[in-house]
Amino acid sequence: MPMLRTPALPLLLAALLALAGCSTFESRVKRKPDLYATLDTTTRTRLQAGEIGIGDTEDMVYLARGQPDEKHLTTTAAGQTTTWVYNRYWQEYRGDTRTGFQPRTRRDPVTGATSTYLEPVIRPVYTDRTQAIMRITFDAGKVVAIEQPKP
């Protein structure tokens, strides 16, 4: 009999992997203690809340938001800029699909006779989705633009 696979198992594994590589503000400060020591209290509080601003350095954005999911380099006549992209990931339920049939055996409680029939195998279908939730553009190592979806 084939094993039925549920979406809960891949989601659980993904969550465990995410936690294993989880980056917290405290762990990022431990990687950049010299930078953190130079920041004033207001800036420390702002970065700890995950807030970034125009003029922040790449290291400050790293403290506030962690490593980006993507990095893009843009070259124009004016020079080069770097864009960090932070994404949100999820699985979207798309419905069910029949993936085949599996044999089932049933025993009649009165006669004791057994019969075999085919039962459809139905499985849920999920699509992996990604959405950019923040794009931060740097010029000469400083934030020059912050793009977020409108609420």
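Where a number appears in this text, it was derived from the coordinates with a stated rule and is not lab data. Since the model is a prediction, treat every value here as computed from it, not as a measurement. Positions of Cβ are backbone-derived with ideal geometry, glycine not excepted, and every protein chain shown enters the neighbour counts.
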Proximal lysines relative to Lys30, as straight alpha-carbon distance under 28 Å, when same-chain residues fewer than 8 apart are discounted: Lys71, Lys142
Interchain or long-range residues, amide H under 5 Å from Met134's placed H: Tyr86
Expected 222 nm ellipticity per residue - DSSP helices of 4 or more, -39500 (n - 2.57), all of the chain, to 500: -7500 deg cm²/dmol
Simple label model, 7 Å out from Cα along Cβ direction - Ala37 to Thr82, nm: 2.4 nm
Max mean-square fluctuation residue, GNM over the chain, Cα-Cα springs under 10 Å, options Ile52, Ile122, Ile136: Ile122
For the range 138-149, 3J(HN,Hα) per residue [Karplus equation, 6.51 cos²θ - 1.76 cosθ + 1.60, θ = phi - 60°, Hz, x = Gly/Pro]: 10, 10, 6, x, 10, 5, 10, 7, 10, 10, 9, x
With 5 Å bins from 0: P(r) over the range 8-147, alpha-carbon pairs, percent: 2, 8, 12, 13, 12, 10, 8, 7, 5, 4, 4, 3, 3, 3, 2, 2, 1, 0
The range 24-105: radius of gyration over Cα atoms, expressed as a fraction of 2.2 N^0.38 Å: 1.83
